[in-house]
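Following: one structure in structure tokens, then a few remarks.
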Amino acid sequence: MMYIIRRFILLITTILLVSMITFGVFQILPGDPVRTMLGTEADPTQIENLRSELGLNRPLYEQYMDWMKGLLTGELGNSIRFSMPVKELLFDRLPVTMSLAGLTLLMVLIISLPLGMFAARRQNKLSDVSLSTVTQVGMAIPSFWLGMILILYIGMQFSFFKISGYIPWTQSVAGALSTLILPALTIAIPQIAVNFRYVRTAILEQVQLDYVRTIRSKGMSEQNVMYKHVLKNSMIPILTVFGLIMAEVVAGTIIVEQVFSLPGVGQLLITAISNRDFPLVQGIVMYITVAVVMINFMVDILYSVLDPRIRLR
């Protein structure tokens with residue numbers, strides 16, 4: 001229980017620190033959101049009235065406290081560009097980004113784990129060398145370039161795949177998949193390559209230990225050895241890397257949503273930055289922060305489930 005409490009305190013501390021940095025950075029950036037809202041023709045009286053209405057003429061610590069209260073209640077202020085609450089904009093775009101991230105992680109898991117185990121069982125054979133070479137190339141490919149290649153050679157050749165836009169799951173499951181498979185592959189391929197190599201390495205380290213030789217000498221089948229013992233004892237390093245991959249996927253959606261014109265949080269962030277929409281950018285940055293921190297928190301909890309010795313330490 002103390003282990004979970006310590007990790008939770010670390011989670012809250014991280015979110016607070018990031019909130020302070022985020023708020024502080026946007027206070028020192030050049031540009032005035034009031035002038036952005038009113039335009040260059042606004043007179044000083046209008047500017048001062050709107051600044052007072054938005055609370056921008058108050059001390060910074062008061063503005064920060066109000067912003068933090070808004071974070072806790074979900075009231076993130078109003079977007080300058082869209083003239084509507086940031087919360088509504090995020091809730092409108094989140095299903096797209098979460099669907100993309102979820103499908104990407106599913107691809108990474110169901111492809112990299114079996115391939116890594118297969119390559120480890122066939123160490124230094126042709127299949128192992130071939131897979132290692134292919135994944136090395138996969139790790140080096142930039143996601144935006146990979147996305148364009150998939151659009152040219154798959155999206156424009158097969159009518160099922162949509163190369164832009166998004167169809168909600170409630171409207172059509174097949175339609176949603178047709179708009180998400182290529183973007184998910186774009187993010188997943190480099191992450192599959194990374195996870196494959198870590199799975200292979202973790203399995204090989206376990207296979208060389210004495211307990212595996214003992215189990216094999218007792219006549220247990222190779223499949224049971226791999227799945228019941230070797231894989232289970234390899235999960236700590238694999239889970240560590242998978243947690244990092246989950247955070248990478250959340251960040252990777254920002255670029256890929258631009259390539260495939262998906263109306264998700266990533267595209268919204270680029271629009272907000274282009275229009276100097278500080279309240280919206282701050283809200284999205286905090287969303288990404290909370291998502292990444294929560295992923296790390298869940299990974300830490302899973303550590304203690306997989307290996308109780310971690311809780312004792």
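A compact table of results
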{"item": "Relative contact order, percent, the range 127-239 [alpha-carbon distance under 8 Å, six or more residues apart]", "result": "26 percent"}
{"item": "Computed [θ] at 222 nm, deg cm²/dmol, the chain (DSSP H ≥ 4; -39,500 (n - 2.57); rounded to nearest 500)", "result": "-25000 deg cm²/dmol"}
{"item": "Whole-percent carbon and sulfur share, accessible surface of the chain, 1.4 Å", "result": "65 percent"}
{"item": "All lysines inside 30 Å of Lys162 as judged from Cα atoms, apart from same-chain residues fewer than 8 positions distant", "result": "Lys87"}
{"item": "Amide hydrogen neighbours beyond the local backbone of Asn78, cut-off 5 Å, H modeled", "result": "Val86"}
{"item": "Mean Cβ count within 10 Å, highest first, over the residues of peptides 160-173, 282-295", "result": "282-295, 160-173"}
{"item": "log10 of Debye I(q)/I(0), alpha-carbon scatterers only, for the range 83-180 at 0.14, 0.17 Å⁻¹", "result": "-0.76, -0.98"}
{"item": "Ratio Rg/Rh, restricted to the range 186-313 and using Cα atoms, in which Rh is the Kirkwood radius", "result": "1.15"}
{"item": "Range of Cα positions in the chain per principal axis (Å), largest first", "result": "86, 56, 34"}
{"item": "Orientation-averaged projected area, Cα convex hull of the range 1-153 (nm²)", "result": "16.3 nm²"}
{"item": "GNM top mover of Ser178, Ser221, Ser274 - the chain, alpha-carbon springs below 10 Å", "result": "Ser221"}
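The values are calculated or read from the model by the stated rules, or taken from the named source; none is laboratory data. Since we're looking at a predicted model, the values are computed, not measured. Cβ atoms come from the backbone with ideal geometry, glycine included; neighbour counts cover every protein chain shown. Accessible surface is based on the protein model in full, side chains and every heavy atom, while ligands, DNA and RNA are left aside. Shrake-Rupley method; radii C 1.70, N 1.55, O 1.52, S 1.80 Å.
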